[in-house]
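Taking it in order: structure first as structure tokens, then the write-up.
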Amino acid sequence: MSTVLLARVYDPPGDDDGFRVLVDRVWPRGIRKADAHVDLWLREVGPSTELRRWFGHDPERFEEFARRYRAELAGNPAAEELRAAVREHPRVTLLYGARDAEHNQAVVLAELLR
């Protein structure tokens, strides 16, 4: 079974990151693609624009956000693409742009993948 880690895309890559997957629908502001050290950008696995706007990174809405996001993922082919990437690599780091390390889509994805 693969190890799934989480990291902010703005942080420098770690030596033990393994395969790095950006799971944001929108490219993070202020970082060049060449500097991000992203192996795969799965924008389609990110939450829908409507859900992302509704959530607004409000920690009080996180549980409902996670529920709605899991429902979106149930019918999303990109979720299977992410599972395949995890199966193919012993160590995968899910990258996200949010400042809040505990309340973002990568946390929900990691729970689903573990």
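Output the residues belonging to region 14-26 that are over 17 Å from residue 109 (Cα atoms) and either free of Cβ contacts under 8 Å to residues at least 40 places away in the same chain or open to solvent by 80 Å² or more (accessible area, probe 1.4 Å) (or both).
Within region 14-26, 15, 16 qualify.
Name the helices (runs of 4 or more DSSP H) wholly within region 7-76 that hold at least 2 residues that are more than 20 Å from residue 93 (Cα to Cα)? Give the derivation first.
On the way: elements: 33-36, 49-55, 62-74.
Here the list reads 49-55, 62-74.
Tell me, please, whether a residue that is crowded, with 16+ Cβ neighbours inside 10 Å, free of Cβ contacts under 8 Å to residues at least 40 places away in the same chain, touching a Phe, Trp or Tyr at 6+ places or on another chain (Cβ under 8 Å) and within 17 Å of residue 80 (Cβ to Cβ) can be found in region 32-41.
Checking region 32-41: at least one residue is crowded, with 16+ Cβ neighbours inside 10 Å, free of Cβ contacts under 8 Å to residues at least 40 places away in the same chain, touching a Phe, Trp or Tyr at 6+ places or on another chain (Cβ under 8 Å) and within 17 Å of residue 80 (Cβ to Cβ).
When you scan region 82-99, how many residues do you find that are closer than 19 Å to residue 36 by Cβ and surrounded by 11 or more Cβ atoms within 10 Å (Cβ to Cβ)?
11
Could you list, in sequence order, all residues of region 47-70 that are within 15 Å of the chain's Cα centre (by Cα), open to solvent by less than 90 Å² (accessible area, probe 1.4 Å) and either over 19 Å from residue 111 (Cα atoms) or of a type in the set (Lys, Arg) (or both)?
Of everything in region 47-70, those that are within 15 Å of the chain's Cα centre (by Cα), open to solvent by less than 90 Å² (accessible area, probe 1.4 Å) and either over 19 Å from residue 111 (Cα atoms) or of a type in the set (Lys, Arg) (or both) turn out to be 49, 52.
For residue 102, indicate whether it is open to solvent by 80 Å² or more (accessible area, probe 1.4 Å) and either assigned to a strand (DSSP E or B) or touching a residue at least 40 places away in the same chain (Cβ under 8 Å) (or both).
When the stated conditions are applied, residue 102 passes them.
The values are calculated or read from the model by the stated rules, or taken from the named source; none is laboratory data. Keep in mind that what you see is a predicted model, and the values were worked out from it rather than measured. Note: ideal-geometry Cβ built from the backbone for every residue, glycine included; neighbour counts use all protein chains shown. SASA here: full protein model, heavy atoms, side chains in, ligands and nucleic acids out. Shrake-Rupley method; radii C 1.70, N 1.55, O 1.52, S 1.80 Å.
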